[in-house]
1. Out of region 26-48, which residues are open to solvent by 60 Å² or more (accessible area, probe 1.4 Å) and part of a helix (DSSP H, G or I)?
2. Looking at this structure, is residue 15 open to solvent by 60 Å² or more (accessible area, probe 1.4 Å) and touching a residue at least 40 places away in the same chain (Cβ under 8 Å)?
3. Of the numbered conditions (1) over 10 Å from the mean Cα position of the chain (by Cα); (2) on the phi < 0 side of the Ramachandran plot; (3) at pLDDT 90 or above, residue 10 fails exactly one; give the number of that condition.
4. Just a yes or no: is a residue in region 25-33 touching a strand residue (DSSP E or B) at 6+ places or on another chain (Cβ under 7 Å) and not β-branched (Val, Ile, Thr)?
5. So residue 35 fits all but one of (1) at pLDDT below 95; (2) out of contact with any Asp or Glu (no Cβ under 7 Å at 6 or more places or on another chain); what number is the exception?
6. So which residues in region 30-73 are among the aromatic types (Phe, Trp, Tyr) and in contact with a Pro (Cβ under 8 Å, 6 or more places away or on another chain)?
7. Checking residue 71 against (1) free of Cβ contacts under 8 Å to residues at least 40 places away in the same chain; (2) part of a helix (DSSP H, G or I), which test does it fail?
Amino acid sequence: MHQNPIPTTQTDPLKAGNNLRVSTLAPRLGISKNTIWRLVREGRFPKPIKLSEKVTVWKAADVLAWLDSKEAA
């Protein structure tokens with residue numbers, strides 16, 4: 001069973017339904033920023049949303065669904 005690297009709390013950005021930047025996702029998921037981008041390129045992680053030239057985010061719901069699929073596997 002998959003264990004969350006950081007305990008889930010009310011302040012957990014994933015549970016808050018926020019849009020998340022890679023700098024928030026990486027430590028929360030316990031993987032590096034480079035790994036997140038590699039998984040995106042390989043089609044193994046949700047696609048991000050480009051808000052501007054320098055701002056890219058992921059929907060928290062998409063990341064939670066990805067985590068659920070990893071736990072089910």
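The values are calculated or read from the model by the stated rules, or taken from the named source; none is laboratory data. Every value quoted in this text rests on a predicted model; they were computed, and no experiment measured them. Ideal geometry is used to build each Cβ from the backbone, glycine not excepted, and the neighbour counts take in all protein chains shown. Areas reflect the complete protein model, heavy atoms only, side chains present, ligands, DNA and RNA absent. Shrake-Rupley method; radii C 1.70, N 1.55, O 1.52, S 1.80 Å.
1. Those that are open to solvent by 60 Å² or more (accessible area, probe 1.4 Å) and part of a helix (DSSP H, G or I): 27, 33, 34, 37, 38, 41.
2. yes
3. Every listed condition holds for residue 10 apart from (3).
4. yes
5. (1)
6. Those that are among the aromatic types (Phe, Trp, Tyr) and in contact with a Pro (Cβ under 8 Å, 6 or more places away or on another chain): 58, 66.
7. Only one criterion is unmet by residue 71, namely (1).
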